[in-house]
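The values are calculated or read from the model by the stated rules, or taken from the named source; none is laboratory data. This structure is a prediction, so every number in the text was calculated from the model and none was measured. Glycine also receives a Cβ, built like all others from the backbone with ideal geometry; neighbour counts cover every protein chain displayed.
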């Protein structure tokens, strides 16, 4: 988080709140969906104190010793692995919790598992707003990162398991999915890669289902720039370009749709 | 929704979520007001699956056959009429639900009925944000469309009926208001008109109450540009122009208030 | 609220909603945190009617008589003092309410007290959005006003008192803190000052804890511009400037961090 150091010096309250959102955003979003107090998880004083202590050490430790330790690659990879273990556990617990309230609410379970796994990424616009940054042209739904996609797929798998459609035990699914997430994330972190293990699979399925790559081409930014592929529906029969996208002016040119 | 086709090709998840907001936004807003789980309505798997199927057919049907069918004017008018029937029913149910929780909460009932009738329009800024569009200079409160205004007036009428101030039965009021909404909306859709049946009434009442037309002149955009009419209060006695509005810069000039 | 008169003439609904947010925003935020209906306070019809009457008189009274009365300095100072009495009471009640739900939730109590005391200020971005104004570069967390800071400190004190760590009675604490708030706010209003009684204290504590003044230099705007002071951590060892802040382009230049 470049620029975060300056934020912590000049606006430590905003910096601390952002850190808390990054740590506990998943609980806040899940509580919002399920109608529970948003602040419920903040009643765990020890978790909040631990997170606050880590925040303080990251930003204010003399000579940045703590930050340098955490950034040392072997140590970083351990934390990355631990984070994925926690993520998978959160997804499983979230779906179990939603199942408790809505026994047959498939979409409820998937949504709860998804927000528990993705956490603050799904409210990135508002976390940035807290820091005085506003980038409406992109968000985690338009351009899903690997953890967010994986959380969605995991939520679907865990929901199928919870509703007995997937004939594996919960422990087995947690183990397999955790191994998958840990190995992917550790590999991506170690190689500084931004690709996703799902790209290959999506490049076959998405053109069939949706007529183009899901998520589009990231370097073209947002929604616009290139035509969709040869999917089921033809985009050519709808009229003119969007006034809305024209008014985004200086950001990009859009390919005109022929009538 | 121009540009929606491209969104559906490049970002189907965002497109689907927007469609769900358009279908079920009223339930989400009402649940938010009444402290119930936002995701409650999503436990109706059949409704979600039906809405998803319609979304898929609209955007991905070969040769856009489904879209062309739905856009064929006679068919479109039938759907417009059905939508108004559902809207009025939602308002009535919403007020009944709010009355159950707050027997004497007049404002609570009106607000609940209003959000049930208006739906996603009241959170249009955030629905657009989901698609990567941000237009803060306008929203449904500043520039109320006919359905939103009608939902507000309907909510007031249904609240008066619920609290026995309006001496008609609920069934009669539902019938009359539905007939009004269906005929207005079908007429406006058939004539491609953007006017509102309330304009005449408001042009008499609002200058008396508020000193100008409610909603201002839409083509002048947002808040600013022209003086209010000869209303009860004089706008001339407050000092200087707003720094806030000056900083909106290129949008409009404001009339200076003389000290 | 300059420009508010024009808003009330052209968009009275938006003007009224903003006024309601200003009056009851604290209750809405506290209800959001504690999982209660956001609209709960709006069931107090008399409070809403009173607030609406005051709103109408402020904006639509002939010759602005009501506004001129309220703005007359001695009268204004009385209202300022009354507002601080209500603020302190809201903080105390909020913490008591949170304590009832979370007996040992220190952070929950502090947060609830803080939002009860600060009110609409903490959601200023969204209150402005309702009026068609969007200023993401600043918010009440980045640049805390005196009432917001005082509400935070007060919430901490009241939480310490509620959990028996501060050995004073609740009545005594309410009295002392009210006297402090009333005298500060009356003095600041009478002298048209923008300083804060906390500045001196913070100028000693914050460089030690955070390496610079908390809240930074307001006239440098947002987060950027100057280096932090000689705090515990050195900001010099982290690489390059923030791409995020570069992309804020025309707003300010940032000091480059030497590697």
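In table form, for the structure just shown:
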| item | result |
| --- | --- |
| Residue satisfying condition, being without any contact (Cβ under 8 Å) to a residue 60 or more places away in the chain, buried (at least 16 other Cβ atoms within 10 Å of the Cβ) and out of contact with any strand residue (DSSP E or B) (no Cβ under 8 Å at 6 or more places or on another chain), within set C:187, C:158, C:177, C:210 | C:210 |
| Filter pass, residue B:66 being surrounded by 15 or more Cβ atoms within 10 Å (Cβ to Cβ), within 30 Å of residue A:129 (Cβ to Cβ) and within 13 Å of another protein chain (Cβ to nearest Cβ) | no |
| Those residues of region C:163-186 which are within 14 Å of another protein chain (Cβ to nearest Cβ) and touching a helix residue (DSSP H, G or I) at 6+ places or on another chain (Cβ under 8 Å), in sequence order | C:163 |
| Residue list for region B:117-126, restricted to those being buried (at least 18 other Cβ atoms within 10 Å of the Cβ) and within 13 Å of another protein chain (Cβ to nearest Cβ) | B:118, B:122, B:123, B:124, B:125 |
| Sole exception among (1) surrounded by 21 or more Cβ atoms within 10 Å (Cβ to Cβ); (2) without any contact (Cβ under 8 Å) to a residue 12 or more places away in the chain for residue B:129, by number | (1) |
| Per-region count, region C:18-27, residues within 13 Å of another protein chain (Cβ to nearest Cβ) and under 14 Å from residue C:86 (Cα atoms) | 3 |
| Residue list for region C:44-54, filter: assigned to a helix (DSSP H, G or I) and more than 7 Å from every other protein chain (Cβ to nearest Cβ) | C:46, C:47, C:49, C:50, C:51, C:52, C:53, C:54 |
| Members of region B:70-105 found to be closer than 15 Å to residue B:118 by Cα and either within 14 Å of another protein chain (Cβ to nearest Cβ) or at pLDDT below 95 (or both), listed by number | B:94, B:95 |
| Output for region B:187-216, where each listed residue is closer than 25 Å to residue C:61 by Cβ and modelled with pLDDT under 85 | B:211, B:212, B:213, B:214, B:215, B:216 |
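Condition check ((1) within 11 Å of chain C (Cβ to nearest Cβ); (2) surrounded by 22 or more Cβ atoms within 10 Å (Cβ to Cβ); (3) part of a helix (DSSP H, G or I)) across all residues:
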{"position": "A:5", "(1), (2), (3)": "yes, yes, yes"}
{"position": "A:13", "(1), (2), (3)": "yes, no, yes"}
{"position": "A:16", "(1), (2), (3)": "yes, no, yes"}
{"position": "A:29", "(1), (2), (3)": "no, yes, yes"}
{"position": "A:36", "(1), (2), (3)": "yes, no, no"}
{"position": "A:42", "(1), (2), (3)": "yes, yes, yes"}
